[in-house]
Amino acid sequence: MGASPGFRRPPGDRTGTGLLGILALVALGVPVLNLLVPASSSLHLSAYSITLIGKYLCYAMLALSVDLIWGYCGILSLGQTAFFSLGGYAMGMYLMRQIGSRGVYGDPVLPDFMVFLDWKSLPWFWHGFNHFGWALLMIVAVPAVLAMVFGWFAFRSRVSGVYFSIITQALTYALMLAFFRNDMGFGGNNGFTDFKDILGFDLHTDATRVVLLVLTVAMLAGSYLFCRTLVNSRAGRVMRAIRDAESRTRFLGYPVESYKLWAFVFSAVIAGIAGALYVPQVGIINPSEFAPINSIEAVIWVAVGGRGNLYGAIAGAVLVNYAKTYLTGAFPEVWLFVLGALFVSVTLFLPNGMVGLLQNRQREKTTRFFLPRAFQGLLAGRVQDK
């Protein structure tokens, strides 16, 4: 006996289940195609492909953090890559400490760039990063604290809309300029690179790359489930109310600033974890990751995929970055024009993104299937008497 249409799961739940299924397929399929399929086979997945997939999934987590605050709370932040980069730098500091005497200059304590710049001792904020547990704590704590302090002042002052976007862009630009300085102790414009291992495992082996990719898949799935639970809860309904009518929500007695602050902090933590997973897979972190254009690109990923549904942000991040990889290799001079045209086209013709377009088509098919023909004609304004 078929289920009643009234008890069917909403399309978003079905799509979210499909997303988790795809992620599970990636987590199971990539190790097989890389480790078990011979390199001579056309089905073999190369180390470069694994790195590329891992990078796309890290970007998907970044897009998820943008969608959480923009799609559900109406907060358009152009500084999410600041939290992404801070998480990456925290992981990079741990990886640099693991190099030890294997560096170019052979110093067991100081990273190579400090020896080159004639530093005599390790700065105070580098202490503790030789321990993985401390690095994990900083990956979460540094973006969270920055988001909490910055958000508390911004939301308490009721800064919103385009003004909030501008000051978040200014924040990430200021951090970029600071990290470019050699005297900051973060490697200057070269950043961190030449990583050797993580937790004793060689970063250049296929097995380590596969484990990092599977861990990234797990963290993306966990972040998605966390965000979906949050937006489907009472707090999520309040967030949507703030997005649609902030003044009315405040008038009803809800602490609007608190909801916005905690959503902003949660998104910063997700972005920081994404940055930490990005660094050991890509093998480098430098101040260019703070560039405001990167935050703008993250917003474009969400807009293309469709904001306000979480899985649209993930799909947009993967698809746009795949297109970027192809176009920057085949037609490098036209990529930025394509990206701009894509954003303008989506804004004008697909305000709900690609996922929204697919949902509308699915809704039309469902309506045609379940409603009697007379009601279909009534809805379309084409009732004909027979």
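Couple of notes before you dig in:
- Taken over the chain, lysine pairs spaced eight or more positions apart, or on distinct chains, with alpha carbons under 29 Å apart number 6.
- Summary of the geometry: segment 18-93 and segment 181-228, compared by the centres of their Cα atoms, lie 11 Å apart.
- Among the trypsin sites (Lys or Arg not before Pro) within segment 67-174, those in coil by DSSP and having at most 10 neighbouring Cβ atoms inside 10 Å are Lys120.
- Computed magnitude of the charge dipole of the chain (debye, nearest 20; Cβ of K, R +1, Cβ of D, E -1): 1880
- Cα principal axis extents for segment 13-70, largest first, Å: 46, 24, 13
- Our analysis of segment 12-291 gives Rg over Rh at 1.01, with the two radii drawn from alpha carbon positions and Rh computed by the Kirkwood formula.
- Computed over all pairs of different Cα atoms, the Kirkwood value for the hydrodynamic radius of segment 127-208 is 15.8 Å.
- With contacts taken as Cα pairs under 8 Å and at least 6 residues apart, the chain reaches a relative contact order of 29 percent.
- Virtual spin-label span in nm between Val214 and Arg240, 7 Å along Cα→Cβ: 3.7
- Couplings for segment 44-59, taken from phi via the Karplus curve 6.51 cos²θ - 1.76 cosθ + 1.60 with θ = phi - 60°, read 5, 9, 6, 4, 4, 5, 5, 4, 5, 5, x, 5, 4, 5, 5, 5 Hz in order; Gly and Pro are left as x.
- Amide hydrogen proximity for Leu203: with H placed 1.01 Å from N in the peptide plane, the residues at 5 or more positions away or on another chain lying under 5 Å are Asp197, Ile198.
- Considering only the Cα atoms of segment 102-163, their convex hull presents on average a projected area of 6.8 nm².
Readers should treat all values here as calculations from the given coordinates under stated rules, not as data from a laboratory. Quick caveat, the model's predicted, so the values are computed rather than measured. So basically every Cβ, Gly included, is an ideal-geometry build from the backbone, and we count neighbours across all protein chains shown.
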